[in-house]
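Presented below is the structure to which this report refers.
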Amino acid sequence: MIARVLGLLSIGAIASAQSPYQAPRTADGKPDLNGIWQVMNTANWNIEDHAASAGNLPQLGAIGAVPAGVGVVEGGPIPYLPEAAARRKENFAHRWTDDPEIKCYLPGVPRAAYLPYPFEIVQSRKTILFTYEYAGAVRIINMDSTKEAPIDSWMGWSNGHWEGDTLVIDVTGLNDKTWFDRAGNFHSDALHVVERYTPRGPGMLNYEARIEDPKTFSRPWKMSMILYRHQEPDARLLEFKCVEFVEELMYGHLRKKTGGKP
Amino acid sequence: MKILTAFAVLLAIAPLEAHHSFAAEFDIKQPVKLRGIVTGMDWINPHSWIHLDVKDASGKVISWMIEGGSPNALLRLGFNKSSLPKGSEVIVEGFRAKDGSNRAVGQFVAFADGRKLFLGGSAPGAHGDGDK
Amino acid sequence: MNISRVLIAAAALSAAAWCQNAVPLTPDGHPDLQGIWTSASVVPLERPVELKGKEFYTPQEAAENARKVLGISSWERLGVQAREHYNMSQYGLDLSQVKVASTLRTSLIIGPDGRIPPFTPEARQRLAERAARNRGHQFDGPENRPLQEQCLVYSTEGPPMLPAAYNSNLEIVQDAGHVAIVQEMIHSARVIPTDNSPHLPADIRQWSGDSRGHWEGATLVVDTTNFTARTSFRGSTENLHLTERFTRLDSGTILYEFTAEDPHTWTRPWTAQITLARIEGPLFEFACHEGNLGIANTLSAARAAEKAAAEAAPKGSK
């Protein structure tokens, strides 16, 4: 008898452990993803495993150094095609000049999700807005119909739909000018990303990005991580219009030699 | 009445004036008329760019970049990245960059046979006649 | 309170009163402002001096004015810039090629005068000193160039949000507690909380300020402070205080009104009303900085001109 009860209790325990988290709903019955989100990892430095390492400017010492991090790529190293693997090595060697993040360029998808800056989701039935603190990057997710991208863009073309409690976003029309991280991991303009945002607990989302790019990788692969909702009262995105911080770097060589700022 | 309209129009264009002064970039004293083959188009902002291979007098091929308008209105009208095919022969009337580079503002752009590239604009030879 | 404000407020109240159903509501019970809208206008910000005192056209006069403004060529519209400019209408960028909201106003600025009020003496001096410092230095470096040429911030975003020569498009998305306004140029989004929560601390200044909102019946009221000194909306200081009002009039129209106040700049606050008309869209990405060859070309041209002038100068003189 006692064994039976214990057995039933343990089955109950397993059942509740396996039943998925039920997120609070919006008025139209979908999981409420509204709010300000941010990762707590170092994927933006390198989406693969990385030890701590020195930075590029000795005078910045520990501030400019690279922290360690466990990779977010599932199932082994990124499956680069041979030519692409060589190009990635080159990117890494030139990362302190060639990383588009240095120039405050728009980050593309999925990098925008794991930058060290928060982003905000404003969720409506037909449209979901993702707005990123970094460089004011913006994505409008079309939930209403599937349209095709007429041209390539930095932040791509996003069509979304719900699969149960998961927001699935299909991203095409991405240009080839963004990187996946500061370590030179990159892609071509054939990139096709499928994102999945799934509530996993109060204020937490599982974020998964499936990467497909036959010009760069031998097969599709995935990265996954957790997004955390900001809980500070009055949490809000601030401005990081970084264009003004890169003008000297980008245009300093065109400056009048004897002249300068007013 | 004409004066009133012009005045009202000047006020309306104030935002455009603050955006970008082409007089600073391109030289009214260096008009160009280029005939070349499209090797690509950048559908980007704030200005689109047409890449053109142009044969100079000696037959050597020079790569030019032609500056145009924001493509967003064209995209809303249904144009896309395939709308200006590579290999198209086009004629460009414009002005060369002041810094001497092989860049020009494309005042008028048209296919070599006179058809418009996108919308509006006069055919070459009708410079300054307006549009529509 | 001027007549036009009363009329608009009455219209909004009666709209709210007789039909909350005519203006659809979001699931959390507020007017639905969502969609894609254009602020394109045939009417200038400031009223031509000849029309002083004439705040409204008759419907016939408005139609005639619209016909005139839309009927001119894109070259006339470019005015002094036409000489080296590309033909706008090739790219669908002429005002006559897009939807324009209708209005009976003779200017966006409301009131008998229809013009920005005079500068304060302090502002006149500040702006004169700034102009004097910049004179002869407009092409020295990137920070000497206009904010739009640097791709820092456009007048379409502001706030306030002014119509531009083209791409005067915005998209509004709402959730329970926020109204987000996305401007096409330069892909900026203001996510405005509607709980009237407090502004950022005074030490945090932003190009677009800090916007907080609340609903007054059928109208979204947005209060914006915390601007930087470099934002300089029409010469304003970091003390610029903006109040914006959004009222959905019908299925295809939002009335957007803003009041600009800065006692360090203008002798009194001033108000403009802009009609937003629904359009099909979509908004397309306007990655300005990423494609900004123009600023490099402009600086390079200035350096080339200086070099040419130096080489042409007779030897031994400067």
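Scanning for something at pLDDT 95 or above, within 17 Å of B:Asn72 (Cα to Cα), more than 7 Å from every other protein chain (Cβ to nearest Cβ) and in a strand (DSSP E or B), does the range C:188-211 turn up at least one residue? Checked the range C:188-211: no residue is at pLDDT 95 or above, within 17 Å of B:Asn72 (Cα to Cα), more than 7 Å from every other protein chain (Cβ to nearest Cβ) and in a strand (DSSP E or B). For the range A:56-70, the count of residues that are under 30 Å from A:Arg125 (Cβ atoms) and at pLDDT 95 or above is zero. Among residues of the range B:39-62 that are closer than 23 Å to C:His85 by Cα, those with a Cβ under 8 angstrom from a residue that is β-branched (Val, Ile, Thr) and assigned to a loop (DSSP other than H, G, I, E, B), sequence gap 6+ or separate chain, pair up as B:Trp43/A:Ile151.
Just checking, does the range A:43-54 include any residue being within 21 Å of A:Leu227 (Cβ to Cβ), at pLDDT 95 or above and of a type in the set (Phe, Trp, Tyr)? The answer is yes; a qualifying residue exists. Within the range C:74-84, is even one residue more than 8 Å from every other protein chain (Cβ to nearest Cβ) and either in contact (Cβ under 8 Å) with a residue 12 or more places away in the chain or in contact with a strand residue (DSSP E or B) (Cβ under 8 Å, 6 or more places away or on another chain) (or both)? For the range C:74-84, residues more than 8 Å from every other protein chain (Cβ to nearest Cβ) and either in contact (Cβ under 8 Å) with a residue 12 or more places away in the chain or in contact with a strand residue (DSSP E or B) (Cβ under 8 Å, 6 or more places away or on another chain) (or both): absent. Return yes when C:Leu104 is of a type in the set (A, V, I, L, M, F, W, C) and touching a helix residue (DSSP H, G or I) at 6+ places or on another chain (Cβ under 7 Å) and no when it is not. Judged against the criteria, C:Leu104 is a match.
Annotation: of all residues in the range B:9-41 being within 13 Å of the chain's Cα centre (by Cα) and within 8 Å of another protein chain (Cβ to nearest Cβ), the one that is modelled with the highest pLDDT is B:Phe26.
Number of residues in the range C:250-264 that are part of a strand (DSSP E or B) and modelled with pLDDT under 95 equals 1. Could you check the range C:50-69 and list, in sequence order, the residues that are touching a residue at least 40 places away in the same chain (Cβ under 8 Å) and either assigned to a strand (DSSP E or B) or over 16 Å from C:Val100 (Cα atoms) (or both)? If the condition is that a residue be touching a residue at least 40 places away in the same chain (Cβ under 8 Å) and either assigned to a strand (DSSP E or B) or over 16 Å from C:Val100 (Cα atoms) (or both), then C:Leu51, C:Lys52, C:Gly53, C:Lys54, C:Glu55, C:Phe56, C:Tyr57, C:Thr58 are the ones that fit. In the range C:144-172, the residues that are facing chain B (nearest Cβ under 7 Å) form Cβ pairs under 6 Å with partners that are surrounded by 23 or more Cβ atoms within 10 Å (Cβ to Cβ) and of a type in the set (Phe, Trp, Tyr), at six or more places apart or across chains, as follows: C:Gln148/C:Tyr154. Here the range A:216-237 is the region considered, the condition is being without any contact (Cβ under 8 Å) to a residue 60 or more places away in the chain and either surrounded by 13 or more Cβ atoms within 10 Å (Cβ to Cβ) or not acidic (Asp, Glu) (or both), and the residue that is nearest to the other protein chains (Cβ to nearest Cβ) is A:Pro233.
The values are calculated or read from the model by the stated rules, or taken from the named source; none is laboratory data. In this text the structure is predicted, and so the values were computed from the model without any measurement. Cβ sites come from the backbone with ideal geometry, for glycine too, and all protein chains shown count toward neighbours.
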